[in-house]
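Q: Got a structure here, written out as C-alpha cells. Questions coming.
What follows is calculated from the coordinates using simple rules that are stated; it is not laboratory data. If you're wondering where the values come from, they're calculated on a predicted model, not measured in any experiment. All Cβ positions, even for glycine, are placed from backbone atoms using ideal geometry, and neighbour counts span all protein chains on display.
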Amino acid sequence: MCELLRYVSSTTIVLCLALLTAAFHEDDVGMTIPSHVDLNVGDSVNISCLLNPTRFEYPCEMIFENQLTKLRVPPEDIVVMNTSYIVYMFRNAREQSLRLLCKCDMDAIAESTINVGTPPRAVSQFDCRSFDFEYMVCNFTQPENAVLTQYNLTYYINSPDYETPAYCNFDMKPLVVCNITAEHLYRPQVEEYHFKVHSSNSLGSFKQEFTINNLNVMVPARPGQDFRITKLTKDSMDAIWSMPKYDSYSPNKHRGLQWEILLQPDGFAVQNISASTQARLVRFDRGCKLSLIDLPYAHYWYELRLRVKVRTAVAGEDMWSQTFKYRFRTRPRMPDRPPRTDNGGFYINPLETEVRLYWEQLEKWEENGDNFTYIIRALEKHSNGQTRALRPRQQEANFAIFDWHNVLHYTFQLSSRNHMGESANSSFITIYPQTSRFAKHYTPHSIHNVYHETNRSYTLTWLPPQKQEGLQNYTVYWCYSKLAMPTDCRGSIHFRHVSSKTHRFATEPQSVEHDHSLTLAVSANYMDYNTGMHWTSCSVDVNADFEPMEPEVLSTTATELRVQWSSKTVCPSILSGYNLTYCEVADTTTVDERATPPSVADDLFEPFSRSAKTVRAEKAACINTPTTIQIDKNWNKFNITGLKPFTQYRLEMFMFSHEKAGKPNEQLLVRTYESAPSPPRRLQVTVLTDTTANISWLAPSESNGYIREYIVKLNNKEISVNTTLLEDRNNISFLLTNLTSFTSYKVFIIAVTTYRSNHSNDVHFTTFMSAPSKMAYSGTTYVNLKEVQVKWSPPSQPGGRLDYYEIAVTVLRGDYIERRRLSVVFGNSCVLRIPACPDPDYQTKVEVRAINAGVLTNNEVNPQDVLEHQIEFDPDRHHYEGNEELVCVGTDNAAVAAREKSALLRYHNKDNYYLYKSDWYPLTSFGCSQRQLGKITVITLMIVCTTLMLMALMFFATKKWKMMSDIQCTLPEALDAHIKKANAAGGGGFNGGTIINGDVGGIHVNEFLATSPSRTITSQPLHDNHERLHNEEHHLLGRHRHDSGYICDELPFERSISALTATTQLTDNVEDLRDYAHSESSSDSLMGSTGSSGGASGEPEAQDVAPLQRIAEEPTGYVQAGAFGGYVMADKLNAWLQPKAPVQPAAAVQANTNGYVQADALLAAATKNNKSIAPVAAFSGYVNPTDLPQWSAQTQNTPTTTAAAA
C-alpha cells in the first residue's frame, strides 16, 4: 500500500511538473518550486528546479549552490528526475537563512530562499520614559529569529477593549522604539499605562502585556529657563529662573522634585553643595530661586551646574534631566595677604655683586582682582646711618634682583596689589652686612639632594655650619628647576622651617601628573645674621636609579668612537663610576634613506655616515655579545677602539654606586665611517658566447660601507657597475658585451665604497669562435691567356684561426645556376682557368669565404652552435667534386696540396670540428656580353648624354658669338687704294648718297659715300697696306645677324651697293663690276669695285680694271654678300642685279639647287649686259679667287661703257 501511495504521489508530482513545464513562457529559462519557504527548526522540504526545454538544446549539469557559502549542496541530497528537472531534499533543518541558486552548468536558472526558525518568542527589556508631561517613548528588544516576525505595540488606560496602537520604528534592530504622543492619545496626568506586544510570523503568534507607571518614569525638562543673576558680591550670588510645569511636580499633588547643585571654581574639583548650607533653593513665582553664600574666592570664576528628577523616579541616571551649566565671576577686593617669605630668602651671586630675593607667590585665586603684582620697597642703609631707596634691576613674578654690596645693610618690604588696592600687611627680609662676620663659618655645607623614585619625593641633606652659636633654625626651600639654571625657579618657591638639630628634610610625595624635577636650597637662620640660600650642587637617588646620562659622540672614524658625557647633576661623593656598554646592531636605516645613497660621481672619497641618534629599544637589538667597560668616576671622555667600519653600534651609559646602578640613557645609535671593503668573492664566468660573457660574483664578506659600484677590470679596460641598478646586491651577475671572438681575456672585480677594495680572484677565459667577417678584394692578375690569379685580403675580424678559404666558381646562364664548384684554398690567392663563353647569356662569378674550424674538445665552439650543427643543412655539400675546369688552385706544390687535403678531411669531421663560415664575398666575374641594361639605367644614360650634348652646343655657340662680336668692318686694301686714287684724281662726287654704319679702313663707309664731290682723299699706295690685307682684323665683316651670313655693322651690303649705284650713275663698267662682285668676289671686293668708279673722270678702264686685278689676287674664298647670308644666292642675285628704280632689271640669273651663284650663271648675266662677251665654258662650279682674274680678263676684251658723272 505504501509503495502504491509513493508511486501515486510521484506520478502526481511528475504530472504537475509536466503541466508547469508546458505552461512556461517562451522567455523563461526555468523556475524553482517553491521560491520561498519558512520552516520550523527540524522540519524538511523539497526544492525543485525545472528547465524550460525550449531554451536549452543540449543537456546540462543541474546543481544547487548555496549563495552564502558559494558551495554546492551535497550531491546525495539531490534527486535527478530527468535532464531538465532535479529535486533538492532539505532535511532536519537547523535555524538559519538559506539562499539556494539552481544552475545549469554555469548559467543561473532561479533562486529559492529558505528561512528556518521558530514561532514568535517573547520580547525583552521593555521599558518606557515620559518627558516633562509631553510624550512617552517605549523600547523593547526583538529576539533573534530567522523567520520574519512582525511586532505591534498597543496600549490601553482603563479598559482593554479600547486599545490604541503606538507608532514604532524598527530601523535600529534588534531595538524597537515606539512613540506615544498627543496624536496617539497620550494622557500626561494618567498614572498607569497598560501595553500589549503582538508578535506573529508564518509559524505562529505570541502576545505579551506590560504595565508602566507614568509618573515614576517621568523625566523633567532641563532647568534654567530664563536664568538670571539678581545679586552678585565678592562671596555670594543669587539667581532665579522659570519652570512652567513646576506645579505638576509639586509634593502636594504628586511626588515632588529632587535637585542636584554642583559648584566648581576654576582649577578646583567639583563640589556637590545640594545638601549644604552654602546653597538654598526655594520656589519663586512659577519658578525657582537659588542663593549661594560663603564663596571662597573674590573676582574668581565659578561654574554652576543644575539638574532635577522626580523624587520617586526609578533608579537610573537617565531619570535626571539634562544638566544646566552657567559660569559667573564674583566681585573683586584687595589682596588678603602679602607674599610669604623668610629672612633667609635671598641668594648672593658668586661675584657678590647682586642679590636675588625669592618669595612664595600668591595663588591665582588669591589675587582677588585684575592687574595683580608685587610691590617691593628696598632700603639701603650705610654704616653712618644714611639710607637710600633702591629700585630692582629686574623683577619677575617670583623673584627680584637688586644691586648689592657686602658692607651695607638692606631691608626689603614685600606686599601684594591689584586694581582694588594693596594688601594691608607686608613681609620683610633683612640682609645684614656680610663683612661683620666670617660668612663661611655660618654657612651649611655638603648639601646633597636625593631623589626617591618610589614615592617621587626628594630628600635634602646638609652638614651644619661651623658656628652653631645663636643658630635658631634652618629654612628649606624648593621649587621646580629651570633647565641649566640651578638657581632659577620655574614657578613659585616654597619653604619650610626645620629645627636647628635637623640636617635632613624630605619633600611631600608628588602626584604622577605633577612629577617634576625639584631643586632645593637651605639657609641657616641666626638671631641677627643670615648668609642666605645655598643650593644643592648635585642630585642623586641612592635608593633608586641615577638620573639618565646624556653621552654624545665627539668624533667618529672607521674603527673608533670618542664619547663624552657630563655628571654635574650627580654628587661625586656617592658615585663609584660609569658603565659603558656598546654592541653591534642591525641596520635601522629606513628604505627611503637607503634609496638615495651618495653617488660615486658626487665625490668618491666623501664619507657616508649617519649622525648619532636615539631610537626605540625594540629597533636596536644587539646582534652579538655586548662589550662592557667600567670607567673611572673622574673621567668624562673615553675612546672606543677596534670597531668595524660602516657598522651601526648602540651605546649605553649609566652611573653606578656601591649600592645600585643608575638608569641607562636612551639608546644612542652611531655608525662608524666607511673604509675599503673586502674583495668580491667567487668570480666566475657562467655563460660564454663569441661576443659576450656573463660573469657573476658574490658581494664582499665585509662591505665596510655602502658599496656604490663595482669596477669590472677586463684586460686594460674598466667597466663601472652601479649597484643601485642591481636587483640582487649579494649575488651579482653582469654581462660583458662587445667582446672579440676567439680572444683571451682576464677579468677581476673591485668593490668601491669611498675607497677601493683589493681585486677579486682573476678569471681567464677565451670567447668562442665565430664566423669571420667579409674579405676585401685585392686584385686579379692574368697568369697567361688561359689562367688568371685571384687575390683577396684576410677578414678584418677573423673570429678564429682562419684555417682556410673556400672559393666558389659559379656558371650562370641568365639567373640559372648551371655549374658550381667549391675549391679549398689555404692561402690568400688561387689560380683559375678563364672560363669559356659558349653563349652571350653566360656569366661566371667568383666568390670567396673564410672558414674557422673550431675544435669541439678544446672548448672553442659554443655548445648551442654544436646542437644546431647536428641538424644543419649545407646546400653546397655536393659542390666540392666535379666541374674540374672550375677549380681554383691555391698551390701547385704536391706535398703542400696533400697536407692541405689531409687537413681539410680532418676539418670536415663533424665529430671533432665545427666550421664557422663567413658570408660569400664577390671577387670577380667573367661575362661573354654586356648584360641588358635596366630601364632606369637606360633612361639615366639618355638624360646624361642629352645634357652633355646641350652643354657642348651652348659652349660652341657662346664661343662663336664672342669671336664674331669682335670683328671690325674694314675695306680691303685694294678697294681702299682704288677709292683713294679716284678721289685724288678728280674728287669723289657721290650725290646725296647715304650709307649708315660702316667702317672701312678707319673711315666710316657712310662718311665715305656721303662725302661731297669737293672732298679730297689722299691716295695711299696699295703695297703699304698689303700686310693689312692678310690681317684678319681688316676683313669686311659686321656683327653676326643671320646663321649663315655677315653684316657690316647692321647695314645690308646690297643696300649699300644700291645706294652707291643710284647716286653715282654707274657706267657699264660699274654694272660689270656689280655683276662680278655679286657673282664671285667677297663683299669687301664689291665695295672696293663700286667705290673706284664713283664720280671720277679720265680713263675709266684703267680705273676699273686695277681694282679687279687687286681683288683677284686676294685668296679670300668665294664671293660673299652680307645681305644674302654671306654668299650671294641664286634666287637673290636677280634682285641684286636689277638696278634700283627707275632702272629696270637687266638680266635674270637662274638658281641652281645648291643656292650659290656659279661661274656660268655669272658669265651669262655679264654677257647679257655686254653682248660682246663670249661665253666662257672653262669655268664650272663656283668662281674661285684664283680664276677670277682670268674670268675678268675675258670680260674686259669687250667694249664697255662708262657712266658719265652727273
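Q: Would you please classify the overall shape of the stretch 346-535 from the alpha carbon gyration tensor, given that a ≥ b ≥ c denote the square roots of the eigenvalues, rounded means a/c under 1.5, and beyond that prolate means a/b larger than b/c while oblate covers the rest?
A: oblate
Q: Here is a further query. Nearest-5 percent of antiparallel DSSP beta bridges in the stretch 24-117?
A: 85 percent
Q: Right, another one. Collect residues whose amide H, placed 1.01 Å from N in the peptide plane, falls under 5 Å from the amide H of residue 97; neighbours closer than 5 in sequence don't count.
A: Answer set, sorted by chain and number: 116.
Q: What ³J(HN,Hα) values, in whole Hz, does the Karplus curve 6.51 cos²θ - 1.76 cosθ + 1.60 give for the stretch 498-510 when θ = phi - 60°, with x put for Gly and Pro?
A: 10, 5, 5, 8, 9, 10, 8, 9, 10, 7, 5, x, 8
Q: A further question follows. Give me the Debye-computed log₁₀ of I(q)/I(0) at q = 0.11, 0.18, 0.21 Å⁻¹ for the stretch 220-329, equal point scatterers on Cα only, no solvent, two decimals.
A: Cα-only, vacuum Debye calculation for the stretch 220-329: -0.35, -0.91, -1.19.
Q: Another one. Say R0 is 60 Å: what FRET efficiency, to the nearest 0.05, do residue 762 and residue 564 get from their beta-carbon distance?
A: In this case the efficiency is close to 0.80.
Q: With +1 on each Lys and Arg Cβ and -1 on each Asp and Glu Cβ, how big is the dipole of the stretch 681-766 about its Cα centre, in debye rounded to the nearest 20?
A: I would put it at about 180 debye.
Q: Step through the residues of the stretch 938-947 one at a time and calculate ³J(HN,Hα) from phi using the Karplus curve (6.51 cos²θ - 1.76 cosθ + 1.60, θ = phi - 60°), rounding each to whole Hz and writing x for Gly and Pro.
A: Values per residue, Gly and Pro as x: 4, 4, 5, 5, 4, 4, 5, 5, 4, 4 Hz.
Q: Further, regarding this structure: Can you bin every Cα-Cα distance in the stretch 24-117 into 10 Å intervals starting at zero and give me the percent of pairs per bin, rounded to whole numbers?
A: Per 10 Å bin, starting at zero, the Cα-Cα P(r) for the stretch 24-117 comes out as 17, 51, 25, 6, 0 percent.
Q: Return the sequence-ordered ³J(HN,Hα) values of the stretch 840-852 in whole Hz as given by the Karplus equation 6.51 cos²θ - 1.76 cosθ + 1.60 applied to θ = phi - 60°, using x for Gly and Pro.
A: Residue by residue, the stretch 840-852 yields x, 7, 7, 8, 10, 10, 10, 10, 9, 9, 9, 10, 10 Hz.
Q: Let me ask something else about it. List the residues, sorted by chain then number, that are 5 or more residues from residue 493 or on another chain and whose placed amide H is less than 5 Å from its amide H.
A: Amide H to amide H, under 5 Å and 5 or more residues apart or across chains, residue 493 pairs with 359, 361.
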